[in-house]
Amino acid sequence: MAELNKTSFIFLRHGEPVGGKKFRGSTDDPLTATGWQQMDAAVKDLSFDKIISSPLKRCAEFAEKLHLKTDIPYHVHNHLQEMHLGIWEGLTPAEVEKLDKKALYAFWQDPVKNTPPKAESFLDFEQRILTAWDKLKSEYLSTEQSRTILVIAHAGVMMVMLKSLLNIPMENILTIKLNFASKVRIEMFDESYLLNPQIYIEHGYHF
């Protein structure tokens, strides 16, 4: 039996950004030296045919470096940037807790019903990411040959993808943990084969 044609989308979370642990969202922090090392290690053994990136520096700067090193074409997709977190942008969890402990704990318990002040809602964020996903599939799914697309993005983007593909309830989305430079590989087969996508998760944590 001949091997089935498939298109693989490898979603790669950015490495460690400057600024430490905080509600970063759309704040445009670049990678630390450690973050660059994490990303280099994450792609070391990968082969891919196209690079897609969020516009934020912690993704796009590495995508450009990878393009220059490999000559593999890349494209910045503006809709793949992280969720905007309103007035919590740039604050640490401790700072948000001091600002409004009740709102913080409500957000962690159910982010769908408890949007941070002036932030993008989770439902709007989900719609934005799934619209981008539909566009990626329409552009890169191939029935003629197998190919691999590297998508450099954010934890929130990858959580929405996993939520959609695995039918995880939206209120449980923050229970998914993806470390810096973690990967989610989604293998999409020719629709004529009637196969569900295959999902591989490399979460980046050590137990």
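The values are calculated or read from the model by the stated rules, or taken from the named source; none is laboratory data. In this text, all values refer to a predicted model and were calculated from it rather than measured experimentally. Please note: Cβ atoms are built from the backbone with ideal geometry, for glycine as well, and neighbour counts cover all protein chains shown.
Observations on the structure shown:
- Selected residue (criterion: surrounded by the fewest Cβ atoms within 10 Å (Cβ to Cβ)) from residues of segment 156-187 that are touching a residue at least 40 places away in the same chain (Cβ under 8 Å) and over 12 Å from the mean Cα position of the chain (by Cα): GLU171
Conditions (1) outside any strand (DSSP E or B); (2) touching a Ser or Thr at 6+ places or on another chain (Cβ under 9 Å); (3) surrounded by 15 or more Cβ atoms within 10 Å (Cβ to Cβ), marked per residue:
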residue: GLY15; (1), (2), (3): yes, yes, yes
residue: THR34; (1), (2), (3): yes, no, no
residue: GLN37; (1), (2), (3): yes, no, no
residue: SER47; (1), (2), (3): yes, yes, no
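- Of everything listed in (1) within 30 Å of TYR140 (Cβ to Cβ); (2) at pLDDT below 95, the single unmet condition for GLU82 is (2).
- When THR143 is tested against (1) over 29 Å from HIS67 (Cα atoms); (2) at pLDDT below 90; (3) among the β-branched types (Val, Ile, Thr), just one condition goes unmet, and that condition is (1).
- If you filter segment 83-113 down to residues that are crowded, with 18+ Cβ neighbours inside 10 Å and more than 19 Å from the chain's Cα centre (by Cα), you find that the one that is farthest from GLY20 (Cα to Cα) is PHE107.
- Matching residues, segment 177-207, being hydroxyl-bearing (Ser, Thr, Tyr) and either at pLDDT 95 or above or not in a loop (DSSP other than H, G, I, E, B) (or both): SER182, SER192, TYR193, TYR200
- Filter pass, ARG128 being modelled with pLDDT of 95 or more and either among the charged types (D, E, K, R) or on the phi < 0 side of the Ramachandran plot (or both): yes
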